[in-house]
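Rule-based calculations on the coordinates, nothing more; no lab input. Quick caveat, the model's predicted, so the values are computed rather than measured. Methodologically, a virtual Cβ is constructed for each residue, glycine included, from the backbone with ideal geometry; neighbour enumeration extends over all protein chains shown.
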């Protein structure tokens with residue numbers, strides 16, 4: 001197999017899959033099956049890039065068959081290619097390289113993944129027709145002022161979940177509306193059986209506003225509690241615990257029924273990325289995404305900042321020109337928004353951890369991230385926390401790059417499960433939906449075993465094929481849908497965050 005990988009025949013760099021010392025030979029197999037090599041002229045750390053050929057100053061560095069940056073100095077064959085000699089470039093934006101958005105037919109993807117009988121899982125059929133894979137009673141804080149109270153209520157009653165809502169008051173109208181929409185979406189998620197909405201009583205996100213928004217999405221049982229009206233926090237906890245017990249008793253009578261996988265809305269996310277994410281873990285998630293789309297389900301690609309430098313590729317896969325324009329539009333809007341605060345997306349990304357893991361530019365990171373979306377055409381682009389539809393194929397949601405906020409948005413949209421890739425390791429979970437984490441970094445699979453559900457390192461090192469790993473991951477996803485807890489669930493990790501558009505008033 002060699003000690004390095006070349007992803008595309010056009011690539012002028014290879015990736016070290018083990019540390020390569022100076023004067024060692026980097027051996028790799030090209031996509032056409034032929035063998036290649038280059039003598040390392042310096043040490044190449046694990047998952048970092050080595051130049052296959054001489055790359056002149058100003059010449060583009062190519063990985064994944066796409067531009068990931070420009071050489072800032074002459075780079076000799078066998079040299080380490082990283083931040084010291086390669087920088088991000090805006091050359092991809094608005095040039096012929098981006099190509100014209102064209103409709104993408106799903107036939108090839110469907111034929112490649114439509115093998116075998118349709119899979120089912122055991123889910124909870126809700127009154128609104130949707131299917132959940134968990135049976136939570138959500139104790140919903142409408143503002144930060146109610147969050148400690150909801151935590152005490154949820155802790156007292158088995159089957160209840162909650163989270164700390166940092167928003168809900170002192171917000172401008174547009175910011176408050178995003179908070180209300182997100183709270184309503186989390187409550188409407190089919191993993192939630194019923195809701196107890198708790199407010200202080202004087203915040204911006206009043207209970208009636210939040211409950212009205214929930215009613216627009218679902219007809220599930222919703223009860224309310226206002227702390228100021230019941231006489232303070234202690235009485236609110238007492239009354240809330242009584243109501244929560246009533247809801248939990250009703251929820252406990254629910255029974256799982258067989259449901260087709262076409263009713264799954266699968267969220268995808270990545271965090272703590274290194275080169276192994278784009279090299280192995282994200283392509284594996286993409287295989288699962290393609291499989292689910294072929295089965296009639298919905299797969300969600302999110303994290304708008306992670307699309308920077310790769311948006312032109314996604315736009316080519318849009319089903320319509322309108323969807324293509326929307327993909328390009330959310331990236332442009334995000335960049336403009338960040339610039340309002342005197343910042344540039346391309347300056348703070350990749351993070352120091354990303355760079356230590358071998359990622360040099362934002363384009364390189366993004367090209368690895370979009371592999372989570374597989375190869376299916378993109379059907380739609382949704383705003384943050386908007387209601388997603390089952391059976392829609394691959395879609396994009398406009399979310400922040402911050403992991404808990406991003407996951408929170410797609411869960412508010414209706415994702416019952418999130419598959420989360422990481423290179424360096426992360427404990428991220430969610431209060432409403434299971435978060436199944438996988439890594440293709442062998443070291444991380446060992447050092448972060450407490451937080452890792454699936455070891456995908458064979459996607460880089462073998463011996464299992466990508467198809468075998470895909471089938472194993474699908475089996476594990478079905479197990480989680482049937483009730484097997486993820487590591488985050490078993491540890492009680494429920495990091496859930498809402499975005500903040502504007503500073504508090």
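Starting from the Cα of residue 8, step 7 Å along the direction of its Cβ; do the same at residue 484; then give the gap between the two resulting points in nm.
It is 3.5 nm.
Stokes-Einstein D for region 267-491 at 25 °C, 0.890 mPa s, Kirkwood Rh over Cα pairs, in µm²/s?
Rounded, D is 142 µm²/s.
Need one number: nm distance between label points at residue 250 and residue 30, each 7 Å from Cα along Cα→Cβ, rounded to one decimal.
Here the answer is 6.7 nm between the modelled labels.
Any idea what angle helix 321-339 forms with the longest principal axis of the chain, computed on alpha-carbon atoms, 0 to 90 degrees, nearest 10?
Around 90 degrees separate the two axes.
Quick one: Kirkwood hydrodynamic radius for region 4-87, alpha-carbon pairs, angstrom, one decimal? Spell out each step's value before the answer.
Details: mean 1/r = 0.0813 Å⁻¹.
This gives a value of 12.3 Å.
Can you tell me the orientation of helix 403-412 relative to the chain, as the angle in degrees between its alpha-carbon axis and the longest Cα principal axis, to the nearest 10?
The angle comes out near 50 degrees.
From the C-alpha gyration tensor of the chain, pull out the three semi-axes of the equivalent ellipsoid (sqrt of 5λ each), sorted largest to smallest, in whole Å. Walk me through the numbers on the way to the answer.
Working: eigenvalues 349, 116, 86 Å².
For the chain, the ellipsoid semi-axes come out as 42, 24, 21 Å.
What percent antiparallel are the DSSP beta bridges of the chain, to the nearest 5?
40
Roughly how many Å is it from the Cα centre of region 24-93 to that of region 441-505, as a whole number?
Taking the Cα centre of region 441-505 as reference, the centre of region 24-93 is 30 Å away.
Under the √(5λ) rule applied to the eigenvalues of the Cα gyration tensor, what semi-axes describe the equivalent ellipsoid of region 136-251? Give them in Å, descending.
20, 17, 11
Assuming 0.36 nm per residue, please report the length gained on full extension of the stretch residue 158 to residue 242 beyond their Cα-Cα distance.
Full extension of this stretch gives 29.0 nm more.
Calculate, in nm to one decimal, what residue 450 and residue 467 gain on full extension: separation in residues at 0.36 nm each, minus their alpha carbon distance.
Gain on stretching residue 450 to residue 467: 3.5 nm.
What FRET efficiency, computed as 1/(1 + (r/R0)^6) with R0 = 51 Å and r the Cβ-Cβ distance, is obtained for residue 215 and residue 443, rounded to the nearest 0.05?
0.55
Under a point spin-label approximation (7 Å from Cα along Cα-to-Cβ), what is the residue 43-residue 22 distance to one decimal in nm?
1.0
Please report the relative contact order for the chain, taking Cα pairs under 8 Å with a sequence separation of at least 6, and give it as a percent rounded to a whole number.
17
What order, most packed first, do the peptides 168-177, 460-469, 367-376, 66-75 have when packing is the mean number of other Cβ atoms within 10 Å of each residue? Walk me through the numbers before you get to the answer.
Working: 168-177: 16.9, 460-469: 14.4, 367-376: 26.0, 66-75: 19.8.
So the order, starting with the most tightly packed, is 367-376, 66-75, 168-177, 460-469.
So what's the angle, to the nearest 10 degrees on a 0 to 90 scale, between helix 147-156 and the longest Cα principal axis of the chain?
80
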